[in-house]
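**Student:** Got a structure here, written out as structure tokens. Questions coming.
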């Protein structure tokens, strides 16, 4: 089952954070799609992700290509983005050691910043994404794994032995190990479905970071803003909307450029029927990350749901232009066009969705086909007028 919900280096300013989202995957030079088995669904992100996972050690280049296409097919998923980050460092094992020791300079440092954007984007999709693909990169470094509780706990998480990981990391933390182990423990708790415990770990991490009042420079995905964003997502999973709202607000206090936090605040405001605040937050999100198709689709869906389908069409057309492989964007566009009375355009959008939809979306495919039938049916004839006696 795939879950869908500390080093010193370059400082990311708000402007740099916005720039991380400037180039959509569809605009990058695309590697060739790796061949999949005949039984695989070539519309399914998970088929490419599984292939990349299998090929990771044998061919990190082919793994990266598979992860790239998994990200194209479903840009909402965090796993392929993290996989690309890990594949890069696995491929460049010598450079990975320099990266960890903050020894990269010049063009190598610029490339590391670019690659770090993949990990940040993964964490803003799912702050608790599994990080087991980091282990092979560390495995190629000189030396051997330690036998301390922290190391064994992290390895247990990578082996999906989450209960053991929780216990080992608890021992490590009792002996004063580094604060970021609370994040590793939270990841294990999320995998176990124990969101309350994950919340406690995340709050403890934040408290320790604030107590330290860190003056050191941190990688962007280690910022308190990203950790607060993760706490907000946990509170949503716990169905505690007020706490989620507060956490997303604190995330933006740390960094106003966290576009997904604006989108989450927009969603929460609309749930409270505050359309003015809700749409203002969504607009801020797409202004900060104009090339993010996922945020465009979410904004478009919110507009359609509020009866503003004509406005939604603009954002949804932009979403499918940014990522033509993203099936969900076409389904959302079809609904907005149908609500706007553009029947022919809606049928085209639904057809584009059906071509791209993965087989496992059987219920969604059936619903779209019913809409297509309804839109394709000729209009009912008007009743004959009653003759006047």
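The values are calculated or read from the model by the stated rules, or taken from the named source; none is laboratory data. Keep in mind that what you see is a predicted model, and the values were worked out from it rather than measured. Note that we place each Cβ from the backbone using ideal geometry, even for glycine, and neighbour counts take in every protein chain shown.
**Student:** Would you list the helices (runs of 4 or more DSSP H) that sit entirely within segment 271-382 and hold 2 or more residues that are buried (at least 21 other Cβ atoms within 10 Å of the Cβ)? Walk me through how you get there before you give the answer.
**Tutor:** Numbers: elements: 275-288, 293-305, 309-322, 327-339, 343-356, 362-376.
Of the helices (runs of 4 or more DSSP H) lying wholly inside segment 271-382, those with at least 2 residues that are buried (at least 21 other Cβ atoms within 10 Å of the Cβ) span 275-288, 293-305, 309-322, 327-339, 343-356.
**Student:** Give, as residue ranges, the helices (runs of 4 or more DSSP H) completely inside segment 91-209 that count at least 3 residues that are at pLDDT below 90, in the same structural domain as residue 67 (by TED's automatic domain parsing) and touching a helix residue (DSSP H, G or I) at 6+ places or on another chain (Cβ under 8 Å). Working first, answer last.
**Tutor:** On the way: elements: 93-100, 106-125, 134-139, 149-158, 162-174, 181-191.
Because the criterion is at least 3 residues that are at pLDDT below 90, in the same structural domain as residue 67 (by TED's automatic domain parsing) and touching a helix residue (DSSP H, G or I) at 6+ places or on another chain (Cβ under 8 Å), the helices (runs of 4 or more DSSP H) in segment 91-209 that meet it are 93-100, 106-125.
**Student:** From the residues in segment 212-233 that are surrounded by fewer than 18 Cβ atoms within 10 Å (Cβ to Cβ) and in a loop (DSSP other than H, G, I, E, B), which one is modelled with the lowest pLDDT? First the steps, then the outcome.
**Tutor:** First pass over segment 212-233, keeping only residues surrounded by fewer than 18 Cβ atoms within 10 Å (Cβ to Cβ): 212-217.
Within this subset, residues satisfying the condition of being in a loop (DSSP other than H, G, I, E, B) are 213-217.
Values: 213: 64, 214: 54, 215: 50, 216: 50, 217: 47.
If we take residues in segment 212-233 being surrounded by fewer than 18 Cβ atoms within 10 Å (Cβ to Cβ) and in a loop (DSSP other than H, G, I, E, B), then 217 is modelled with the lowest pLDDT.
**Student:** If you don't mind, there's one more thing I want to ask. What about residue 285, is it modelled with pLDDT of 95 or more and outside the structural domain of residue 122 (by TED's automatic domain parsing)? Working first, answer last.
**Tutor:** Numbers: modelled with pLDDT of 95 or more: yes; outside the structural domain of residue 122 (by TED's automatic domain parsing): yes.
Answer is yes for this residue.
**Student:** Are any of the residues in segment 238-247 surrounded by fewer than 24 Cβ atoms within 10 Å (Cβ to Cβ), in the same structural domain as residue 262 (by TED's automatic domain parsing), modelled with pLDDT of 95 or more and closer than 28 Å to residue 159 by Cα?
**Tutor:** If we filter segment 238-247 for residues that are surrounded by fewer than 24 Cβ atoms within 10 Å (Cβ to Cβ), which is where we start, we get 238-246.
With in the same structural domain as residue 262 (by TED's automatic domain parsing) added as a condition, the list becomes 238-246.
Remaining after also requiring modelled with pLDDT of 95 or more: 238-246.
Applying the additional criterion that residues be closer than 28 Å to residue 159 by Cα yields 238.
Yes, because at least one residue in segment 238-247 is surrounded by fewer than 24 Cβ atoms within 10 Å (Cβ to Cβ), in the same structural domain as residue 262 (by TED's automatic domain parsing), modelled with pLDDT of 95 or more and closer than 28 Å to residue 159 by Cα.
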